[in-house]
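So the structure is just underneath, and the comments pick up after that.
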Amino acid sequence: MKNLYFAYGSNMDEEQMKKRCPDSILIGKGFIEKHKLCFPQIAVTRGLLGVAGIRESDELDSVYGLIYELTDKDLELLHTFEGYDKDNISNSSYFPNQVPFHLYNYKKKSYISQNSQRVMIYQSNFDEGNDFYVSSDYLLIMLKPMIKYGLDNSYILNMLEKAKTNPKPSLKIKLKKLRTAKILTILKVIFNIN
């Protein structure tokens, strides 16, 4: 069986996804409504710094990301990587949830609502409304696919604004004074994206 998965954090990185889920197929970019990006928990694998999560929102917030198709085997592997244990949900780091989504249609050059389908997201099981400090390296892992696949520019800049980095000089601070077009041009050069 095929499962649709919405990646919004480091799982947007195709190389990481291929390691975690060898049979995964990137379908395209998309977004989910009434959710917002956050960094609600820390990870040992990320130096005890924050990792991405999403919160439900009553506002007009949206989260942009990439949509993958996963086999059942890949889904089980991803559950393990994300710290989800269906037999012990209360102690799981994240839990899966099914939500409506919009998929980008490259021919029409617009996002199309997928009314009859749902996409799986992971939500933090320990989200208390706080955001933890995030490493610049983690932000760069997220930024590369955002730039490569042309996720919404204002969303990217908003993410950089909101992410708290500590205590080293961060990419966010260096880019803060630049204009949007310049930032995106610089990031494309950094990541060698045409």
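Leaving ligands, DNA and RNA out of it, report the carbon-plus-sulfur percent of the accessible area of the range 1-100 at a 1.4 Å probe.
52
Let's test the formula: R0 of 25 Å, r as the Cβ-Cβ distance of residue 162 and residue 2. What FRET efficiency results, to the nearest 0.05?
0.15
Mind checking the full-extension length gain between residue 97 and residue 128? Use 0.36 nm per residue of separation minus the Cα-Cα distance, one decimal, nm. It would help to have the intermediate numbers written out before the result.
Working: separation 31, 0.36 × 31 = 11.16 nm, distance 1.78 nm.
Going from the current span to full extension adds 9.4 nm.
Write out the trypsin sites (Lys or Arg not before Pro) in the range 98-141 meeting two conditions: DSSP loop, and at most 12 other Cβ atoms within 10 Å of their Cβ.
When the trypsin sites (Lys or Arg not before Pro) of the range 98-141 are filtered for loop state and at most 12 Cβ neighbours within 10 Å, 107, 108, 109 remain.
Evaluate E = 1/(1 + (r/R0)^6) for residue 153 and residue 87, where r is the Cβ-Cβ distance and R0 equals 30 Å; express this FRET efficiency to the nearest 0.05. Write down the numbers at each step before the final one.
On the way: r = 42 Å, r/R0 = 1.41.
Calculated value: 0.10.
What are the principal axis extents of the Cα atoms in the range 13-123, in Å, biggest first?
Result, largest extent first: 42, 35, 27 Å.
Report the extension gain between residue 72 and residue 42 in nm, rounded to one decimal, defined as 0.36 nm multiplied by the number of residues separating them, less their alpha carbon distance.
Numbers: separation 30, 0.36 × 30 = 10.80 nm, distance 2.74 nm.
Full extension of this stretch gives 8.1 nm more.
Given points 7 Å out from each Cα along the Cα-Cβ axis, report the residue 113 to residue 140 separation in nanometres with one decimal.
4.0
The values are calculated or read from the model by the stated rules, or taken from the named source; none is laboratory data. The structure presented is a predicted model; accordingly, all values stated were derived computationally and were not measured. Every residue, glycine among them, receives a Cβ derived from its backbone with ideal geometry; neighbour counts consider all protein chains shown. Please note that ligands, DNA and RNA were not included when accessible areas were found on the heavy atoms of the full protein model with its side chains. Shrake-Rupley method; radii C 1.70, N 1.55, O 1.52, S 1.80 Å.
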